[in-house]
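A short worksheet on the structure shown next.
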């Protein structure tokens, strides 16, 4: 039985923690270096040579025209994708055809000449494309050539991601090194510097965690559900993170929250995360834009196969785990999570992956050992509640991973296949971000870590070393990524 007491949502707030902890000079050096390496990556990555960028650019163009339902696109967009994306010649090194790229730069927009748009990105909501669409429209207003607008859209996405990162460093002062190390992962840089959904997804993940660490209230529960709903609208696999509202609901019940309102809030927890997704897909028929690969893929037949052989799920789980450590980068290998760049064509040197992992490890250890503070508010007041929330988060991550694998098995793998084809490590990155921040917060709170009084721009030697060590590893890895992509395509 859950005990009840008078409701006071502020009663457990830790007011000993500073609300605003300025960034140190070393953090700014890391940020500025990361920003310019990201700009360099935008330059060396040829048009439409990141994962699904052609479809995402066409969706961006559609949104920039005010077409949120993905009905039409300028006729000249298709020739641009054909010329620019088709400039890859894998039989020679470097593999990019510069002459064809020069032709692509001459293709211009004619707003009056449009054709129906059918791209696999059309089923996504327009939210992910607002920032690059604004940049695209601004570019085309100055110059009607289409290709420069792609690069301006990339730059706008990357600048926005860096600004979100700066905000996150202020929101989570106790996780700064880990956040900097995460957003310096080459795969993260590619996904946010090129056109994709990850800019919105990472931003919503950060907002979700920030909202979770606060005193229980109905508004906070609704805010958690709002972030989960927007994540779900972008990709359905994130719906399971609605469980983050459960501990807050338990606290409200324990603190004698009005019964009728509590029932309504509980019902909202079940409904809100799925409603925007259902509403969007009532308007947009995903089957109109679904691409079925030609290697024996049949989702309906795949479901019937699994029904007839349910034990085959165990075979798939075992093989997926084994494939994580192999070299097929469309089967969710660990390296594809950190940096198999281009369209899974550029595998980085072995030392680069070691540098990425070292940076993440040193960042976490530095945050734990650097005495940079802890979360100002911890919403879980007993060991039982802590175990509950960690179990719920673990369950949500496992369910999301399972949903990713299941969807790829249905829509990208041959019927009866023993392996799941189409899983890319980049799908795991938002889950890694959530697990990293919540795990670090848990360890800091259990240790009772408090911040020090060091001057904002003068770090003690040990804390400076904890900052510089992961920074050097991350910068080295990113320099390697930029160089490898440039060599592969251009040099």
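Details
- Test: residue in the stretch 184-206 that is farther than 30 Å from residue 149 by Cα and either in the same structural domain as residue 348 (by TED's automatic domain parsing) or free of Cβ contacts under 8 Å to residues at least 60 places away in the same chain (or both): no
- The residue of the stretch 282-305 that is nearest to residue 55 (Cα to Cα), among those that are in contact with a helix residue (DSSP H, G or I) (Cβ under 6 Å, 6 or more places away or on another chain) and in a helix (DSSP H, G or I), is 286.
- Restricting attention to the stretch 159-172, the residues that are surrounded by 21 or more Cβ atoms within 10 Å (Cβ to Cβ) and within 17 Å of residue 130 (Cβ to Cβ) add up to 1.
- In the stretch 113-140, the qualifying residues are those that are in contact with a strand residue (DSSP E or B) (Cβ under 9 Å, 6 or more places away or on another chain) and outside any helix (DSSP H, G or I), and the one that is farthest from residue 286 (Cα to Cα) is 113.
- Among the residues of the stretch 423-448, the one identified as surrounded by fewer than 20 Cβ atoms within 10 Å (Cβ to Cβ) and assigned to a loop (DSSP other than H, G, I, E, B) is 448.
- Residue that is modelled with pLDDT of 90 or more, part of a helix (DSSP H, G or I) and under 26 Å from residue 130 (Cα atoms), where the choices are 189, 243, 221, 263: 189
- Residue match in the stretch 242-257 (condition: loosely packed, with under 14 Cβ neighbours inside 10 Å and over 30 Å from residue 171 (Cβ atoms)): yes
- Residue count for the stretch 286-308 under the criterion of being surrounded by 11 or more Cβ atoms within 10 Å (Cβ to Cβ) and closer than 19 Å to residue 68 by Cβ: the result is 2.
- Residue in the stretch 126-138 that is assigned by TED's automatic domain parsing to the domain that holds residue 66, buried (at least 21 other Cβ atoms within 10 Å of the Cβ) and free of Cβ contacts under 8 Å to residues at least 24 places away in the same chain present: yes
The values are calculated or read from the model by the stated rules, or taken from the named source; none is laboratory data. From a predicted model like this one, the values you see are computed outputs, not experimental measurements. All Cβ positions, glycine included, derive from the backbone under ideal geometry; neighbour counts span all protein chains shown.
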